[in-house]
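Accompanying notes for the structure given below.
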């Protein structure tokens, strides 16, 4: 992984690896040794009773102890891509002042995609390096360790995924957490102003009109037309704002 340190800033010296746990030992442990890692953030399946990777956890624990690498365990549904993205994001943000190596080779395909997407969403963090650990050999039988040794670690490029501005995420959260994930435009305007998501500069007699105009232009229009996260429906005299399926998915890992 000779290119990593040329990409990362020289401000960080503490080396952290993030890796999902699957049926691998070498592909997790050998990169720790190669990069002289200080800490491993290991992501396990949250349904521990169903998790068949427990024997590998014990072996990884022993190897971390030998290498004097601090081990921290995290849990998420290995089949749920959105909660995996959210957890990987949270770990990266918590470790943002350190070198962060993200191993996309040690778990399931869903976990690999989620970890890679978390890196792309947080492209502004300059200390992230996702990598693929290429083994020397693969196992011939199912149910055994999937691969052995480490032939090479291949740095992966991170292309930025565009995400909404924070005020739009704050507004989406209002809808996402509201009763039945649906509220009137009037309610939305009141809450958005209270939370300072929109700012209204108008005389008292024009305040309500100005608040609606600000909400429409700065919040509703981009969330509905640009991102597709909400939909607006007129029922009687009221306009109702509700979250779309795409909005729900985005809220799971962006908020």
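The values are calculated or read from the model by the stated rules, or taken from the named source; none is laboratory data. Predicted model only: the values in this text are computed from it and were never measured. Heads up, the Cβs are rebuilt from the backbone with ideal geometry, glycines too, and the neighbour counts pull from every protein chain shown.
Outside any loop (DSSP other than H, G, I, E, B) and either modelled with pLDDT of 90 or more or out of contact with any helix residue (DSSP H, G or I) (no Cβ under 6 Å at 6 or more places or on another chain) (or both), is that true of residue 97?
Values: outside any loop (DSSP other than H, G, I, E, B): no; either modelled with pLDDT of 90 or more or out of contact with any helix residue (DSSP H, G or I) (no Cβ under 6 Å at 6 or more places or on another chain) (or both): yes.
No.
For (1) closer than 18 Å to residue 255 by Cβ; (2) out of contact with any strand residue (DSSP E or B) (no Cβ under 7 Å at 6 or more places or on another chain), each residue gets a yes or a no:
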site	(1), (2)
199	no, yes
209	no, yes
225	no, yes
228	yes, yes
236	no, yes
239	no, no
242	yes, no
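Those residues that are closer than 13 Å to residue 108 by Cβ and surrounded by fewer than 17 Cβ atoms within 10 Å (Cβ to Cβ), I need them from segment 32-52; list them, please.
Of everything in segment 32-52, those that are closer than 13 Å to residue 108 by Cβ and surrounded by fewer than 17 Cβ atoms within 10 Å (Cβ to Cβ) turn out to be 51, 52.
Test residue 198 against the stated conditions and say whether it is crowded, with 19+ Cβ neighbours inside 10 Å and more than 30 Å from residue 80 (Cβ to Cβ). Write out each step before concluding.
Numbers: crowded, with 19+ Cβ neighbours inside 10 Å: yes; more than 30 Å from residue 80 (Cβ to Cβ): yes.
It is true that residue 198 is crowded, with 19+ Cβ neighbours inside 10 Å and more than 30 Å from residue 80 (Cβ to Cβ).
Right, residue 29: touching a residue at least 12 places away in the same chain (Cβ under 8 Å), crowded, with 22+ Cβ neighbours inside 10 Å and not in a strand (DSSP E or B) or not?
On the way: touching a residue at least 12 places away in the same chain (Cβ under 8 Å): yes; crowded, with 22+ Cβ neighbours inside 10 Å: yes; not in a strand (DSSP E or B): yes.
Spelling it out, residue 29 is indeed touching a residue at least 12 places away in the same chain (Cβ under 8 Å), crowded, with 22+ Cβ neighbours inside 10 Å and not in a strand (DSSP E or B).
Taking interchain pairs and intrachain pairs at least six residues apart, which have beta carbon atoms under 6 angstrom, with the first residue in segment 164-186 and without any contact (Cβ under 8 Å) to a residue 40 or more places away in the chain and the second assigned to a helix (DSSP H, G or I) and surrounded by fewer than 14 Cβ atoms within 10 Å (Cβ to Cβ)?
none
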